[in-house]
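The values are calculated or read from the model by the stated rules, or taken from the named source; none is laboratory data. Given the structure is predicted, the values throughout are model-derived calculations rather than measurements. Every residue, glycine among them, receives a Cβ derived from its backbone with ideal geometry; neighbour counts consider all protein chains shown. Only protein heavy atoms, including side chains, enter the accessible area calculation; ligands, DNA and RNA are left aside. Shrake-Rupley method; radii C 1.70, N 1.55, O 1.52, S 1.80 Å.
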Amino acid sequence: MMKIVLLTLACIGLTHAVITFESCMKKNTEPIGIVRHFNVTPDPPSFSKNVTVNVDVELFKDIPDNALVKTNIYKVTGIFGIPIPAPCILGLGSCTVPYCKFLEQFKDQACPFFPSGTPCDCPIKANKFTGQDVTIVPPNLGALIKFIASGQFRIEFRLLEKETRKELMCYIFKGKALP
């Protein structure tokens, strides 16, 4: 789970500036992990340049084999800050996918945060996932997508148990990105 969170955080880092994050777990619900620190530079980050990421995440429990990653990505527009959802295209955007597929898709961005000697693969076991000044290369999104995706964003990241849809972990990230 922690690896997936780190992957997501790294990818989110490519879309947010002065990133703020907060837990969105329901009250009286114990998450299987916690994000203690997340920072991205430069500020604001650009889809066209490498970013430097600092992360401190702890996974208290193993991620269940059947877990799903659900992302809701919004571009926040206009003077009233109306969020417009991004569609799910090729596994990017507002999507729900098996966590192992998500990890595989963002392996290059996630693996630097895995503890030394820990395989960057599923299943993801309880552990601490940290990184200081880790350089992340943004995926090639093309000029049009970069232009459309730039601006103010809100990203909701949820880790769900597949059968019950119980939330195992939930965070909201907000920020700004440049093309």
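The residues of the range 103-171 expose, per residue, 55 Å² of accessible area to a 1.4 Å probe.
For residue 39 and residue 97, the difference between the fully extended length at 0.36 nm per residue and the C-alpha to C-alpha distance is 18.3 nm. In this Cβ point-charge picture (+1 for Lys and Arg, -1 for Asp and Glu), the chain has a dipole of about 380 debye about its Cα centre.
How much net charge surrounds residue 153 when only the other residues with a Cβ under 11 Å from the Cβ of residue 153 are counted, with Lys and Arg +1 and Asp and Glu -1? Summing Lys and Arg as +1 and Asp and Glu as -1 gives +3. In the assembled protein chains, residue 74 presents an accessible area of approximately 50 Å² (probe radius 1.4 Å).
Rounded to the nearest 20, the Cβ-based charge dipole of the range 95-160 about its Cα centre (Lys and Arg +1, Asp and Glu -1) stands at 160 debye.
Rounded to the nearest 20, the size of the Cβ-charge dipole of the range 124-174 about its Cα centre is 80 debye, with Lys and Arg at +1 and Asp and Glu at -1. Distance check, please: which entries in 49/125; 61/176; 128/162; 146/166; 27/146 exceed 26 angstrom between their Cα atoms? Where the Cα-Cα span goes over 26 Å, the pairs concerned are 49/125; 61/176; 146/166; 27/146. In this rough spin-label picture, where each label sits 7 Å from Cα along the Cβ direction, the residue 54-residue 30 distance is 3.1 nm. Protein heavy-atom surface of the range 37-81, 1.4 angstrom probe: 52% of the accessible area is carbon and sulfur, with nucleic acids and ligands not counted.
The solvent-accessible area of residue 108, taken with every protein chain present and a 1.4 Å probe, is close to 140 Å².
Taking 0.36 nm per residue of sequence separation and removing the Cα-Cα distance, the residue 145/residue 104 pair yields an extension gain of 12.6 nm. The angle between the Cα long axis of helix 2-13 and the main principal axis of the chain comes to about 10°, on a 0 to 90 degree scale. Surface listing: 52, 41 arranged by accessible area from highest to lowest gives 41, 52, probe 1.4 Å.
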